[in-house]
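Scroll down for the structure; my scribbles are underneath it.
The values are calculated or read from the model by the stated rules, or taken from the named source; none is laboratory data. The structure displayed is predicted, hence computed values, not measured ones. Cβ coordinates were reconstructed from backbone atoms using ideal geometry, including for glycine residues, and neighbour counts include every protein chain displayed. Surface areas here come from the heavy atoms of the whole protein model, side chains and all, with no ligands, DNA or RNA. Shrake-Rupley method; radii C 1.70, N 1.55, O 1.52, S 1.80 Å.
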Amino acid sequence: MLSERSSPAVVSAAAAHKLPRYALLALLICFISPFLLSPQLLGSKNLTSFGIAWTMVNGSLSDWLIPNITGQFIYDTGPLTSWVSSLCILTFGQIIGPVRAFHLTTGLWFAIITACIWYSTYLLARRDEAQPVSFAFGGEAARKDYGRVVADITLLITIGTYGLLEPFHEISPTTTLLAVASICFFGIVLSLEDLKRGSLLAGLGVGLGALTTTLGASIWLAFATWIAFIFTPDYTSRSKRVLITFVSALIVTCIWPALVFVFVPDQASVWFTNWLHSSTKEFSLLSINQYPWLLKNMAWITFPAWPFAIWAVFAWRGSLKCAPISVPLSFLSISLFSILFTGLEPRTTMYCLVPSLAVLAGFGLISVKKSKENILDLFSGIVFTIGLIVVWIYYFAWTTGYFAKMAYSLRRLAPAVTPGTSYLLLAIAAAATLSWLAVVGWRLFKHPVVAWRGTWLSACGLTASAIVVCSLFLPIFNGARTMEYTVAAIKTTFDANSKPGDCIKAIDLSSSDRAAFYALANLPFGKPGQQCTFALKTIDFGGFPAGAVTDKWEVLTNVPGRPRSDERYQLLKRLPF
């Protein structure tokens, strides 16, 4: 082998053979499909996001400008997530229902994230300083093929990252922030070749960060972008990139507050004062007892990307100042640093690691030594095969009663649910399992030499596992986390005792609880300061029975919350003076 480059990547033309586009597209669709078109609203973040979007759909201009749930302001989020969700509900809600239309936004954010990560890697991998070593008699991967295979590997690592299942399970500002961070990262990479378009795109990502959660998130993105510009060689004018990026970010950030102060001036000052106060939490240190949690969760949320990212830094240590390594490494460093200063929500900021971490992992995996290149294949094949066997054993125990401890561990999650799933979902789970076995058989008997084989197994394994678990245990997920029974009981009692025009005062209700009662039953919550005949109160346990009188209120009903929860909800009626 002869080479003038110091690249640690040794990639032959055969190893860079193209991954069929139809197979990659099918995998992406299968990965996101369990989270699309779901008829249920599960999880507090999901309920809160839907409550804000549903308020926008049924509200006025002020509801579109200021995130709230029937008058209760939500200060720790911006309007971007709910804007997109509301537009999906308005567009598709009449066809597939508002909840399913709401979940369609998962597909949009997923498409943005995957496209930005793939194209970012492709642009970096095609650069001169990223090319693999040249063979003495030829046969190394061509520039285009090498760029594509590294981009495919990076995308498959992203799909195979365990922690990504959570943000796509619940539509929340966390999901949107991951998409915004991906846009910002892609803009930084693109600016190396197209100064204006790339810088504008990076500025758009930074600005949208403020519209996603708080100003603090936008500031951290801006800091990461600035550091990436500083530590990247000056291929294009660094000062121009910085200027265009931050001017465009400032414009995007200011458009929304300007609209609020113009159209809702009476509420703007109060809302933005509290929103800025929430932003200060993005700069508060984690408490001491959160560090063990952070290390443990970061290890599995970002696995298997982080071991290969670490290897990339070591393998490419002679090229740390080159763009393919310096851009993701500098962006990742600030993202890691920001997690230590995110106060109460380190998990939200943690997902901003994914774009840069995945890109580094892609360059790390492509440079793994021949003796270690099968480690991901072996790990994925064993872990996911054993995992799927265990899942099917648990399903067998749940439906038949055999293996009593296994059956009990599942039945106690949702005691009211009848064991078993539909024939359609059972067939989907079986098809996913057989597909996984086919992928494992391909790896064992075909002995492929393509560089993406290990990440293909990892991504297929995680996707198959998600489909099987969601298909077999969907009744448990719905039964264990749904608020439908609680909401229906409160709704029935309210309808039997109320008159047209009556409203309900919310007492100690969380934003997700308020969203559940509003979205699922359309209960008429009163505005702040409004005198209401009824009140809905949440308590941790116990409470007064129906018919009891307390503090000028009569208890109409006392309803338990979710299964295996101590929460209870009381509907109260104000006594006449």
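Would you work out the charge dipole size for the range 371-481 about its Cα centre, treating the Cβ of every Lys and Arg as +1 and the Cβ of every Asp and Glu as -1, and quote it to the nearest 20 debye? If you can, show how the numbers build up before the last one.
Working: 8 positive and 2 negative charges, 36 e Å.
The calculated dipole for the range 371-481 is roughly 180 debye.
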- [ ] Return the carbon/sulfur percentage of the accessible area of the chain, one whole number, probe 1.4 Å, all protein chains in place.
- [x] 67
- [ ] In whole Hz, with x marking every Gly and Pro, tabulate ³J(HN,Hα) for the range 152-162 from phi via Karplus 6.51 cos²θ - 1.76 cosθ + 1.60, θ = phi - 60°.
- [x] 5, 4, 4, 5, 5, 4, 4, 5, x, 6, 4
Task: Which of P167, V440, A480, positive extreme of dipole for the chain (C-beta unit charges) - done: V440
TODO: Could you list, in their original order, any pairs among K499/K527; K196/K370; K18/K370; K45/K537; K144/K369 whose Cα atoms are separated by more than 29 Å?
DONE: K196/K370
Task: Beta bridges by DSSP in the chain, antiparallel share as percent, to the nearest 5 - done: 75
Task: Pair I255, T385: separation of 7 Å Cα→Cβ label points (nm) - done: 5.2
Task: Nearest-20 debye value, the range 15-149 charge dipole, Cβ charges on Lys, Arg, Asp, Glu - done: 380
Task: Electrostatic dipole magnitude of the chain [Cβ: Lys, Arg +1; Asp, Glu -1; Cα centre; debye, to 20] - done: 780
- [ ] On the full set of protein chains, 1.4 Å probe, figure out the accessible area of E554 and give it in Å² to the nearest 10.
- [x] 60
TODO: Between Q40 and L285, take the C-beta separation as r, use R0 = 30 Å, and let me know the FRET efficiency to the nearest 0.05.
DONE: 0.20
Open item on the list: Along the Cα→Cβ direction, 7 angstrom out, place labels at Y423 and H277. What is the inter-label distance in nm?
Closed with: 5.8
Task: Per-pair calculated FRET efficiency, R0 = 25 Å: S239 and Y119 via Cβ, rounded to 0.05 - done: 0.50
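Would you work out if the chain is rounded, prolate or oblate? Take a ≥ b ≥ c from the square roots of the eigenvalues of the alpha-carbon gyration tensor; rounded if a/c is under 1.5, else prolate when a/b is larger than b/c, oblate otherwise.
Details: a/c = 2.52, a/b = 1.45, b/c = 1.73.
Note, shape of the chain comes out oblate.
How much area per residue is accessible in the chain when the probe is 1.4 Å and only protein heavy atoms are counted (Å²)?
With the other protein chains kept in place, the chain gives 44 Å² per residue.
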TODO: Mind checking the full-extension length gain between I507 and D495? Use 0.36 nm per residue of separation minus the Cα-Cα distance, one decimal, nm.
DONE: 2.4 nm
TODO: Classify the range 168-277 as rounded, prolate or oblate from the Cα gyration tensor: take a ≥ b ≥ c as the square roots of its eigenvalues, call it rounded if a/c is under 1.5, otherwise prolate when a/b beats b/c and oblate if not.
DONE: prolate
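How much length, in nm to one decimal, is gained on full extension between A136 and W392, taken as 0.36 nm per residue of separation minus their Cα-Cα distance? Let's see the in-between values first.
Numbers: separation 256, 0.36 × 256 = 92.16 nm, distance 5.14 nm.
Net length gain for the segment: 87.0 nm.
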Task: Under 21 Å from K372, Cα to Cα: lysines that are on another chain or at least 8 residues apart - done: K446
Task: Crossing angle, helix 305-315 versus the chain [Cα axis fit, 0-90 degrees, rounded to tens] - done: 30
- [ ] Spit out the partnerless Cys residues in the chain, using Cβ distances under 4.7 Å as the pairing rule.
- [x] C30, C88, C116, C184, C254, C322, C352, C460, C470
